[in-house]
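Written out below as structure tokens is the structure these notes cover.
The values are calculated or read from the model by the stated rules, or taken from the named source; none is laboratory data. All figures in this text were calculated on a predicted structure; none of them were measured in a lab. Cβ sites come from the backbone with ideal geometry, for glycine too, and all protein chains shown count toward neighbours. What goes into the accessible areas is simple: the full protein's heavy atoms, side chains included, and nothing from ligands, DNA or RNA. Shrake-Rupley method; radii C 1.70, N 1.55, O 1.52, S 1.80 Å.
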Amino acid sequence: MITRILSKSADETYSIGEKIGNRLTGKEVIYLVGDLGAGKTLFTQGIATSLGIDPHEVVSPTFTLVNEYMGGKNIRLMHIDLYRLGPSIPGRLPEIDDFIGDGIICIEWAQYLEQSYFDISPSITVTFSLSGDNDDYRNININAIPAIEIK
Ligand SMILES: Nc1ncnc2c1ncn2[C@@H]1O[C@H](COP(=O)(O)OP(=O)(O)OP(=O)(O)O)[C@@H](O)[C@H]1O
Ligand SMILES: [Mg+2]
């Protein structure tokens, strides 16, 4: 089931991340799909907050592929940004595979991953796209496997 939400501000996207973060078990892979400035990092900052991690510490890992955080909830957050690797990454990445099932993995530019990644469970695919109406609007589609209560 796909949940569709219209976010009307950066704060709202952050809050949606936080709300979903509160529903996580601690083993999810979260695929963040969307272009530059779509809101992927903001959403990850919301997830971080839900785990007791200072969201200001969470910045896109541009020079490293992965940033690792641990907060008050004792759940590790791996934050991965694939932008630098470019589209159509062939094969699997140890930076992801080595951590599956042990903490939450947020992956920006997940559209660059090969298809086999999207069969992993539990996982949540979050797709961000601009909404034509307003520069601050984002359509956010959420597909969780297994399903989670979002609203
Ligand atoms: N509804 C909204 N949701 C998310 N961000 C918004 C929204 N409206 C405006 N913005 C702005 O869009 C930008 C989103 O930045 P963010 O770093 O989260 O994007 P990103 O998808 O991670 O981009 P990148 O691919 O460069 O890493 C911020 O500057 C934010 O203030
Ligand atoms: Mg980002």
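Evaluate the following for Ser88: is it modelled with pLDDT under 95 and open to solvent by 60 Å² or more (accessible area, probe 1.4 Å)? In short, yes. In segment 14-31, the residues that are crowded, with 22+ Cβ neighbours inside 10 Å reach residues that are in a loop (DSSP other than H, G, I, E, B) with C-beta atoms within less than 6 angstrom, at least six apart or across chains, in these pairs: Glu28/Pro122; Val29/Ile120.
Among the residues of segment 34-78, write down those that are in contact with a Phe, Trp or Tyr (Cβ under 7 Å, 6 or more places away or on another chain) and within 22 Å of Asp119 (Cβ to Cβ). Hits for segment 34-78 are Gly34, Lys40, Met78. If you filter segment 94-113 down to residues that are over 18 Å from Thr25 (Cβ atoms), of a type in the set (D, E, K, R) and in contact (Cβ under 8 Å) with a residue 12 or more places away in the chain, you find that the one that is most open to solvent (accessible area, probe 1.4 Å) is Glu95. Applying the criterion of being among the charged types (D, E, K, R) and touching a residue at least 12 places away in the same chain (Cβ under 8 Å) to the residues of segment 1-13, the residue that is nearest to ligand 1 (Cβ to nearest atom) is Lys8.
Within segment 1-31, restricting attention to residues that are of a type in the set (Gly, Ala, Ser) and away from ligand 2 (no atom under 15 Å from the Cβ), which residue is farthest from the chain's Cα centre (by Cα)? Here the residue is Ser9.
Only one of Phe128, Phe99 is farther than 21 Å from Leu42 by Cα and of a type in the set (Phe, Trp, Tyr). Can you tell me which? Among Phe128, Phe99, only Phe99 is farther than 21 Å from Leu42 by Cα and of a type in the set (Phe, Trp, Tyr). I'd like to know if segment 121-142 contains one or more residues that are within 16 Å of ligand 2 (Cβ to nearest atom), open to solvent by 40 Å² or more (accessible area, probe 1.4 Å) and β-branched (Val, Ile, Thr). Yes, some residue in segment 121-142 is within 16 Å of ligand 2 (Cβ to nearest atom), open to solvent by 40 Å² or more (accessible area, probe 1.4 Å) and β-branched (Val, Ile, Thr).
Checking each residue in segment 1-23 for being closer than 13 Å to Tyr137 by Cβ and in a loop (DSSP other than H, G, I, E, B) picks out Lys8, Ser9. Which residues, taken from segment 32-78, are surrounded by 17 or more Cβ atoms within 10 Å (Cβ to Cβ), of a type in the set (Lys, Arg) and more than 15 Å from ligand 2 (Cβ to nearest atom)? The one that is surrounded by 17 or more Cβ atoms within 10 Å (Cβ to Cβ), of a type in the set (Lys, Arg) and more than 15 Å from ligand 2 (Cβ to nearest atom): Arg76. Checked against (1) touching a residue at least 24 places away in the same chain (Cβ under 8 Å); (2) assigned to a loop (DSSP other than H, G, I, E, B); (3) of a type in the set (Gly, Ala, Ser), Ser116 passes all but condition (2).
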